[in-house]
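Chemist: Okay, handing you the structure first.
All of the numbers you see were taken from the coordinates with simple rules; none came from a lab. Everything numeric in this text was worked out from a predicted model, so none of it was measured. With ideal geometry, Cβ positions are generated from the backbone for all residues, glycine too; neighbour counts draw on all protein chains shown.
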Amino acid sequence: MHKSLFLIGIALFIYFSSSAQNTFYVDVTRPNNTGAGTSWATAKKDVQAAINLATVGDQVWVKAGTYLPTHDPFANTAPANNRDKTFLMKNGVTVYGGFAGNEAQLNQRNWQANVTTLSGDLGVANTLADNAYHVVLAVNIGASSLDGFTITKGYAVSPQSSITVSGRVIERHNGGGIYNTNTGANFFNCIIKGNSADCADGNDDALGAGVMSNNCSSVFNNCIIDGNSFLAAGSSFGVFGAGMYMIATNGVCTISNCAFVNNTSGSGFPDGSKGGALYLNAGSNNITNSIFYNNNAQNGAAVSYGGGAVSQPAFTNCTFASNTSSFAGTAFSGFAKAAFRNCIFWNNTPTVNPVAGRNEILSQETNVPNQPSFTNCIIRDASGSPLSVTNIIITNSLNSNPLFVNLADGDGPDNIFMTADDGIRLQCTSPAIGAGTGATPTFDILGLARTGIIDIGAYEGGHANANVNPLPTVQTTVQLAQNAAGVTQYSDCTNKLVEIQSGGAYTLSGTVTAKVWIETAQPASFVKRHYEIAPQQNASTATGRVTLYFRQQEFSDFNAVNILKLPTGPSDVAGIANIQVEKRGGTSSNGTGLPTTYTGAIQTIDNAALSVAWNAVAARWEISFDVTGFSGFFLKTQLAILPLRLLSFSGTTISGCNNLQWRTTNEIDTRKFLVERSTDGIHFINIGTIAAVGTGNNRYQFSDCAGNLRNDFYRIKMVDVDGSFTYSSIVRLATPATSSLVIYPNPAKDVVVISCDDASLLNSELLVVSADGRTVKQTVIRSLPYTLPISDLLPGLYQLLFRNGKTIKLVKLR
């Protein structure tokens, strides 16, 4: 999926004086808490016992298992109300889950495999009535983290009652999973699932069944907020934010790479239910690379707002799909000066009172300066040009079908959101591909790089390192989808397909992945391309006759001897027989009905390579074989070297013109070069075409006398005879002098002041990244000089990344 990558950054390393760091260990299988907790052998049994030992800068490592809270917020192990027991976070302490119990390094843990659960299921198992009001509680603390946990079975329900912790009133009917108030606490790699809330006497609203976040500067990254709910027809006056309720008048919260799914607010409340996934009320929160799928509420099933002009969240590259509400405005409802960029709104359906043009988005703000804005978005419900959604500011947006891989199965065959088989990824032909704007975010929800003109939505298209020069050397997963005929296709979005069909009693179960990659070591005249079609974790089996179809260009260009390597694993060998290779002419997508030019049983599998020679006359190759309970297979091919390769690409400014020069090798299959120019390095236009001629190391030149001669970017788009293309690297010409940047004090302690002699940093995103790669603070530079508060950061080494699309500079403070 590599297009052209622009990650423009300034990295600032800040050193703080650092004290010694301790690690405390927790293992649910220990008999009690008498161990010192300083090793796995002396681990504590309870999480809170280890947290209580830790001080600022310390870590707590928790072994896989299910843990119950043992203390109330006042350190009582036998409180008057047992349901006040909670996991209380502590200032400056990071708590990690996901350990097997033998790790010596943090990077050895696997939090997905070693499920570590913080459960509120006190008292009688699986009975809600005696569960903890809040599974996790964070009050009046600075930077601290919870990382790698499942947080579940909190039940924030009571008549209007509360406790006071560190001077803050904690309502027992809010925040069943996490109650987070006036903190800088952060949550990474967490699953917040199956928590509930309700105000039992009907005199107040219930807020945040999954998460209540009040006046915090917190980060939620790589979290799944799943299946949290208010009681249908419960006793609350109204309910807000089944997945998460967030108000941040005194801070900026960040939600990135998160999935809000299956959260429900129910109905029957006098004041209604709002925000099935997320309710935002005031603050300038940032929500990026996140998905909102299958959430439900009466109003704003995905997102609902209050706060009007003081509610100014920014949503960037988010996907809102298949949410359901009673009334119009299923994806967005309420009053907010929100900004949506590169977002998809599709199939969000009101069931009781639909309103044409307002089913997806219902803005109730008639004051134009305070209306929400939508830039480069896809909005299903809109029509006309410009799109006819009322009470919003809309720019360069579409209402085209985004072409999800499988909208009905949002989390894909593995039933896990934010993995490569998700159904709400984009098909290769999606209009969302290349239709976004801006240079950030630089990665999508799966961690795949966003390059060139980024795509709309949380997923960066269905690419798999296509159109990259030079060729990739890493293994990458490609898209799986079905065409109209029900044939499974594995595509890297370069119009090259591998298809699996069947005959007889062919069956396939489990999760199947397909991979294509290039070998690092290349022979003299060939590139090796591998195809692997195999079940995930050997969970699939197949029986019957399987036929694979390959486009001619997948194997070779013109005359070449191609090597086909069939399965090599003993278990696969035993299940495959009667291999037949068939070459067909014509251009049909699957060879059906075309004349047979070569047919013959080649051999039964014996782990040997099969060498077959063919030329460009054949449009397709078919490989068929019988399978009996096999669990995957590999196909390995050796191709003639791809011709779309540049030896060099450069440019100079001479006599008022920008002169570009490039040299290529082996253009035998190249049709033309398209020269493209950009003034910002992101949005390119075609300014010329040059035909590719000859072979060998040819030299080409193109003069552009219409550029602005101050800040021009160029790239070459090399187009193959089959219509595929490869982009060159980008050349920048006539670059103005880099503006000076001053950052002080040095070393830094409480604040960092950022000064620049021009406006190049204005409106750029600023990320503070810790030494282990986590974003711990995020903001936007609105004025210069800019003062960044850092007193809430733990001692250590940090990077400050500025993304302004103009400068690259490295500054180090000692």
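Chemist: Under a 5 Å amide H to amide H cut-off, with H placed in plane at 1.01 Å, what residues pair with Ser326 once short-range neighbours are removed?
Modeler: Under 5 Å from the amide H of Ser326: Ala297, Gln298, Asn299, Thr351.
Chemist: Could you compute the net charge surrounding Gly227? Neighbours are other residues with a C-beta less than 13 Å from the C-beta of Gly227; K and R count +1, D and E count -1.
Modeler: 0
Chemist: Which semi-axes, in whole Å and largest first, does the equivalent ellipsoid of the range 13-139 have when worked out from the alpha carbon gyration tensor as the square roots of 5 times its eigenvalues? Kindly include the intermediate steps, with their values, before the conclusion.
Modeler: Working: eigenvalues 129, 62, 38 Å².
Ellipsoid semi-axes (Å, largest first): 25, 18, 14.
Chemist: For Ser373 and Ser755, what does the FRET efficiency come to when R0 = 30 Å and r is the distance between their Cβ atoms, rounded to the nearest 0.05?
Modeler: Once the sixth-power term is evaluated, E becomes 0.50.
Chemist: With a cut-off of 8 Å between alpha carbons and a minimum separation of six or more residues, what is the relative contact order of the range 196-275 in percent? Numbers along the way, then the final one.
Modeler: Numbers: 218 pairs, mean separation 30.8, N = 80.
Answer for the range 196-275 is 38 percent.
Chemist: Please give the contour-minus-distance gain from Asn82 to Asn698: 0.36 nm per residue of separation, less the Cα-Cα distance, rounded to one decimal in nm. Before the final figure, lay out the partial values.
Modeler: On the way: separation 616, 0.36 × 616 = 221.76 nm, distance 7.98 nm.
Once the chain is fully extended between Asn82 and Asn698, it gains 213.8 nm.
Chemist: Using 0.36 nm per residue, how much length does the chain from Ala100 to Gln160 gain when fully extended, once their Cα-Cα distance is taken away?
Modeler: 17.4 nm
Chemist: Roughly how many nanometres apart are two label points built 7 Å out from the Cα toward the Cβ at Gln112 and Arg663?
Modeler: In this crude label model, Gln112 to Arg663 measures out at 4.5 nm.
Chemist: If you don't mind, there's one more thing I want to ask. Hey, can you grab everything whose amide H is under 5 Å from the amide H of Lys672? Only 5+ residues off in sequence or another chain; H modelled, so Pro and N-termini drop out.
Modeler: Under 5 Å from the amide H of Lys672 lie the amide H atoms of Ala692, Val719, each far enough along the sequence or on another chain.
Chemist: Using the Karplus curve 6.51 cos²θ - 1.76 cosθ + 1.60 with θ = phi - 60°, what ³J(HN,Hα) values do you get for each residue of the range 158-174, in whole Hz, with x for Gly and Pro?
Modeler: 5, x, 4, 8, 7, 10, 10, 10, 6, x, 10, 7, 10, 6, 6, 9, 10
Chemist: Could you tell me which trypsin sites (Lys or Arg not before Pro) in the range 773-802 are loop residues by DSSP with no more than 10 other beta carbons within 10 angstrom of their beta carbon? Each step should come with its number before you reach the end.
Modeler: Details: sites: Arg774, Lys777, Arg782; in loops: Arg774, Arg782.
Qualifying residues, ordered by number: Arg782.
Chemist: For the range 18-110, run through the chymotrypsin sites (Phe, Trp or Tyr not before Pro) and keep only the ones in DSSP coil with at most 14 other Cβ atoms within 10 Å of their Cβ. Provide the component values of the computation, followed by the final result.
Modeler: Values: sites: Phe24, Tyr25, Trp40, Trp61, Tyr67, Phe74, Phe87, Tyr96, Phe99; in loops: Trp40, Phe74.
Here the chymotrypsin sites (Phe, Trp or Tyr not before Pro) that fit, given the DSSP loop and packing criteria, are Phe74.
Chemist: Still on this structure, I have one more. Expressed in nm to one decimal, what extension gain is obtained for the pair Thr66 and Thr249 from 0.36 nm per residue of sequence separation less their Cα-Cα distance?
Modeler: 62.4 nm
Chemist: With Cβ to Cβ distances under 12 Å as the rule, what net charge do the other residues near Pro270 carry (K, R +1; D, E -1)?
Modeler: Net of charged neighbours comes to -3.
Chemist: OK, next. I need the peptides 31-38, 448-455 ranked by packing, meaning the mean over residues of other C-beta atoms within 10 angstrom, with the highest value on top.
Modeler: For the peptides 31-38, 448-455, the packing ranking is 448-455, 31-38.
Chemist: Right, next: Give a residue-ordered list of calculated ³J(HN,Hα) values for the range 407-417 (Karplus: 6.51 cos²θ - 1.76 cosθ + 1.60, θ = phi - 60°; whole Hz; x for Gly, Pro).
Modeler: Values, residue by residue: 4, 6, 10, x, 9, x, x, 7, 6, 10, 6 Hz.
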